[in-house]
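Would you mind keeping the following structure in view while I ask a few things?
The values are calculated or read from the model by the stated rules, or taken from the named source; none is laboratory data. This is a predicted model, so every value here is computed, not measured. In this analysis, Cβ positions are derived from the backbone assuming ideal geometry, glycine residues included, and neighbour counts consider all displayed protein chains.
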Amino acid sequence: MNPIVHAELSWLAAQGLRERRDRVLVTCAGLAPDLDGLTLLAGEEWYARYHHVLFHGYVGALVTAAACVALARQRWRVAALALGAFHLHLLCDLAGSGPGWPIHYWWPTSMRDWFWDGQWDLSSWQNAVIGLVTTLACLACAVRWRRTPVELFSPRWDGEVTRVLRHRLLGEPYTPGGGSGT
């Protein structure tokens with residue numbers, strides 16, 4: 001599945017958290033399994049051999065949860081959501097990364113692979129629909145919580161995006177930079 005969709009799904013899972021910092025951590029946890037994708041820097045052979053192996057398992061989940069707990073404000077909620085987002089990434093990869101691409105969840109203890117016979121291609125209509133629905137849900141958060149995934153990069157930019165969306169969707173007054181509009 002597309003990393004952007006992994007990020008959006010993880011960010012949506014974190015919406016019950018008060019602090020932006022904690023939402024960012026959960027989103028990062030949902031992206032963390034793809035750290036093993038950095039093996040591409042060593043060449044396609046390494047990528048083919050180690051992506052879905054090195055960080056797509058319980059070791060990656062524990063390391064990710066520990067890092068999130070160390071940095072979080074709401075430690076236990078973030079730990080639970082980080083583990084959930086991490087495993088949601090794995091579930092999405094099992095469903096939509098392409099037929100015959102397993103996950104080695106028990107590495108380094110075992111190379112037993114997990115896969116699903118119904119896996120669909122990365123460029124499938126299923127992934128496109130999931131991506132569209134996820135993006136629309138993220139945009140709907142501008143109405144409900146006055147934030148979007150843009151907060152991951154900049155609270156100021158997120159405020160601007162949120163104001164524009166609320167203006168277009170709800171007809172609220174809009175002034176660039178956050179003015180009252182009156």
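Of everything in segment 32-48, what is surrounded by 20 or more Cβ atoms within 10 Å (Cβ to Cβ) and within 14 Å of the chain's Cα centre (by Cα)? Give them in sequence order.
First pass over segment 32-48, keeping only residues surrounded by 20 or more Cβ atoms within 10 Å (Cβ to Cβ): 32-33, 36.
Scanning segment 32-48 gives Ala32, Pro33.
Taking Ala137, is it within 17 Å of Asp36 (Cβ to Cβ), in a helix (DSSP H, G or I) and in contact with a Leu (Cβ under 8 Å, 6 or more places away or on another chain)?
Judged against the criteria, Ala137 is not a match.
Provide a single number: the residues in segment 23-53 that are without any contact (Cβ under 8 Å) to a residue 12 or more places away in the chain, of a type in the set (Gly, Ala, Ser) and part of a helix (DSSP H, G or I).
Selection size over segment 23-53: 2.
On to the next question. Could you please let me know if Leu71 is farther than 21 Å from Pro99 by Cα and surrounded by fewer than 20 Cβ atoms within 10 Å (Cβ to Cβ)?
yes
Another question, if that's okay. Within the group His56, His89, which residue is closer than 18 Å to Ser10 by Cβ, in a loop (DSSP other than H, G, I, E, B) and under 18 Å from the mean Cα position of the chain (by Cα)?
His56 is the lone residue from the list that is closer than 18 Å to Ser10 by Cβ, in a loop (DSSP other than H, G, I, E, B) and under 18 Å from the mean Cα position of the chain (by Cα).
The rows are residues; the columns are (1) under 15 Å from the mean Cα position of the chain (by Cα); (2) of a type in the set (Lys, Arg); (3) at pLDDT below 95.
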site	(1), (2), (3)
His6	yes, no, no
Trp11	yes, no, no
Leu25	yes, no, no
Tyr50	no, no, yes
Ala67	no, no, no
Gln74	no, no, no
Val78	yes, no, no
Ala82	yes, no, no
His104	no, no, yes
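While we're looking at this one, here's another question. Could you list, in sequence order, all residues of segment 130-150 that are within 23 Å of His52 (Cβ to Cβ) and either polar (S, T, N, Q) or surrounded by fewer than 16 Cβ atoms within 10 Å (Cβ to Cβ) (or both)?
Initially, segment 130-150 is screened for residues within 23 Å of His52 (Cβ to Cβ), giving 130-131, 134.
Answer for segment 130-150, where residues must be within 23 Å of His52 (Cβ to Cβ) and either polar (S, T, N, Q) or surrounded by fewer than 16 Cβ atoms within 10 Å (Cβ to Cβ) (or both): just Thr134.
While we're here: When the residues of segment 120-179 are filtered to those that are in contact with a Cys (Cβ under 7 Å, 6 or more places away or on another chain) and not β-branched (Val, Ile, Thr), which remaining residue is farthest from Gly98 (Cα to Cα)?
Applying the filter and picking the extreme gives Arg147.
Can you name every residue in segment 147-166 that is farther than 14 Å from Trp11 by Cα and either in a helix (DSSP H, G or I) or more than 19 Å from the chain's Cα centre (by Cα) (or both)?
Pro155, Arg156, Trp157, Gly159, Glu160, Val161, Thr162, Arg163, Val164, Leu165, Arg166
For residues that are outside any helix (DSSP H, G or I) and of a type in the set (Gly, Ala, Ser), scanning just segment 9-22, find the one that is nearest to Ala79 (Cα to Cα). It would help to see each step written out before you state the result.
So the first thing to find is which residues in segment 9-22 are outside any helix (DSSP H, G or I), and the list is 14-19.
Now narrow it down to the ones that are of a type in the set (Gly, Ala, Ser): 14, 16.
Working: Ala14: 11, Gly16: 13 Å.
Across segment 9-22, the extreme among qualifying residues is Ala14.
Sticking with this one: Can Pro99 be described as closer than 22 Å to Gln119 by Cβ, surrounded by fewer than 19 Cβ atoms within 10 Å (Cβ to Cβ), within 14 Å of the chain's Cα centre (by Cα) and modelled with pLDDT under 95?
Numbers: closer than 22 Å to Gln119 by Cβ: yes; surrounded by fewer than 19 Cβ atoms within 10 Å (Cβ to Cβ): yes; within 14 Å of the chain's Cα centre (by Cα): no; modelled with pLDDT under 95: yes.
So Pro99 fails the test.
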